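The values are calculated or read from the model by the stated rules, or taken from the named source; none is laboratory data. If you're wondering where the values come from, they're calculated on a predicted model, not measured in any experiment. Neighbour counts are summed over all protein chains in view; Cβ atoms, including those assigned to glycine, are modelled from backbone coordinates with ideal geometry.
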């Protein structure tokens, strides 16, 4: 049965990085996250697509021993490959769609 999500911009969770599972697609999870706190530096064991739906996120990543940063706004995407070390810092509240390998950190 099709699923329609009309409340993504109002979605909240009990705590930072709380999520609503939206779909499982061939080993990947599609989740809607809400947060008002930074995540933690991490490396995924698979590719990750990170789409800001509402709010702003300062995305930081490390490459060749240097730290980089950019501000992501609604409709902006950050795509990390296996081994890309990164961390997301929301600026206020943010709602984010994350597509990644199921069970990834």
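With respect to the stated conditions, residue 26 fails to be on the phi < 0 side of the Ramachandran plot, without any contact (Cβ under 8 Å) to a residue 12 or more places away in the chain and surrounded by fewer than 16 Cβ atoms within 10 Å (Cβ to Cβ). Flag set for residue 43, criterion: at pLDDT below 95 and touching a strand residue (DSSP E or B) at 6+ places or on another chain (Cβ under 8 Å). Is it the case that residue 2 is outside any strand (DSSP E or B), over 14 Å from residue 54 (Cα atoms) and within 15 Å of the chain's Cα centre (by Cα)? Taking the combined requirement at face value, the residue does not satisfy it.
Quickly run through region 34-58 and pick out the residues that are over 13 Å from residue 104 (Cβ atoms) and surrounded by 14 or more Cβ atoms within 10 Å (Cβ to Cβ). Matches in region 34-58: 34, 35, 36, 38, 51, 52, 53, 54, 55, 56, 57, 58. Residues in region 77-89 that are under 10 Å from the mean Cα position of the chain (by Cα) and crowded, with 16+ Cβ neighbours inside 10 Å: 78, 87, 88. Tell me yes or no: at least one residue of region 61-76 is in contact (Cβ under 8 Å) with a residue 24 or more places away in the chain and closer than 30 Å to residue 1 by Cβ. Yes, there is a match, as at least one residue in region 61-76 is in contact (Cβ under 8 Å) with a residue 24 or more places away in the chain and closer than 30 Å to residue 1 by Cβ.
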